[in-house]
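Engineer: I'd like to ask you about the structure that follows.
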Amino acid sequence: SRVNAPASTRQAKIRLDRLSKTFGDDNAKTVALSDFDLTVGDGEFVCIVGPSGCGKSTMLRMVAGLERPSAGTIDVTAADPKRPLNAMVFQEQGLFPWMTVIDNVAYGLEMRGVGKRERHERAAPFIEMIGLSRFRDHYPSQLSGGMRQRVSLARAFVADPEILLMDEPFAALDAQNKLIMQDELLRIWEGTQKTVLFITHAIDEAISLGDRIVVMTAQPGRIKQIVPVDQFPRPRRPVELRADPRFGALQLEIWRMLEDEVRTARLQAQA
Ligand code: ADP
Ligand code: MG
């Protein structure tokens, strides 16, 4: 099973160096991200928390290559040029409504020219892991929101990207489904050694999932502090972690780091 190795003992997979993003012109300028420095180790799970509007999505979109940095550099080490560099999972899902569950899950393989039989063979174990084998030939409209989100998760892993980028993927789910999804995500991830950047505004989610938690400041988004979560060995079960007194203590510690930033962000939003 995996160990919670500190980032320094792993090879760097993602290197962000003074990453910055400014939107607009001199009249209406928004500094969305400022001098964001982060190195993520190979196989590491890093969570990012910060008040809304602090540039989390902007940072992730730049790592995904969807947005161009205003300054700074992004370096993702690719182990295999045939694999996609990244796969993204968002809150609201981009499943194809005209494709069945299994075809949605296998979509990344189809893009790479993998034949239908092999696609389905490779997708099936992931569909089983998310507990949707009975629904493999259903269409997204026949599934609940939680089930659709599980399909998206399976799709991202089946694509076998160098890195996984998740932007508040469980934010729209109810509390019970959220816990189940965190558990399923960890189970899949524990078997894959994927490097993950996971954005959330939920501190408990960040503690349950992350090897480290990056706490950001209000706009312009900078790194306020990076907190290692090394008190909870893997494999972790999110529901059980919540019963551990150290969980509450860490939650409070991170909330204290965030509190001023959330207040600042609220004032900014009112201005
Ligand atoms: P977060 O994900 O942390 O809530 P975002 O990265 O979405 O924050 O946004 C950071 C800031 O950048 C916000 O003030 C937002 O309004 C602004 N912003 C994001 N995208 C754009 C854009 N395409 N054009 C102009 N401003 C943007
Ligand atoms: Mg966002």
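Engineer: Hey, I14 hits all of (1) buried (at least 21 other Cβ atoms within 10 Å of the Cβ); (2) within 16 Å of ligand 1 (Cβ to nearest atom); (3) farther than 30 Å from H138 by Cα; (4) among the aliphatic types (A, V, I, L, M) but one; which does it fall short on?
Structural biologist: (2)
Engineer: From the list N86, N104, which residue is surrounded by 13 or more Cβ atoms within 10 Å (Cβ to Cβ), in contact (Cβ under 8 Å) with a residue 60 or more places away in the chain and over 27 Å from R266 (Cα atoms)?
Structural biologist: N86
Engineer: Test each condition in (1) buried (at least 17 other Cβ atoms within 10 Å of the Cβ); (2) closer than 25 Å to F170 by Cα for E92 and report the one that comes out false.
Structural biologist: Looking at each condition in turn, E92 falls short on (1).
Engineer: Suppose we filter the range 40-82 for residues that are within 12 Å of ligand 1 (Cβ to nearest atom) and of a type in the set (G, A, S); how many remain?
Structural biologist: 6
Engineer: Whether any residue in the range 121-139 is of a type in the set (G, A, S) and touching a strand residue (DSSP E or B) at 6+ places or on another chain (Cβ under 8 Å) is what I want to check.
Structural biologist: No, the range 121-139 contains no residue that is of a type in the set (G, A, S) and touching a strand residue (DSSP E or B) at 6+ places or on another chain (Cβ under 8 Å).
Read the figures in this text as sums done on the coordinates, not as results from a lab. Owing to the predicted nature of the structure, the values given are computational and were not obtained by experimental measurement. Glycine gets a Cβ as well: all are built from the backbone with ideal geometry, and neighbour counts include every protein chain shown.
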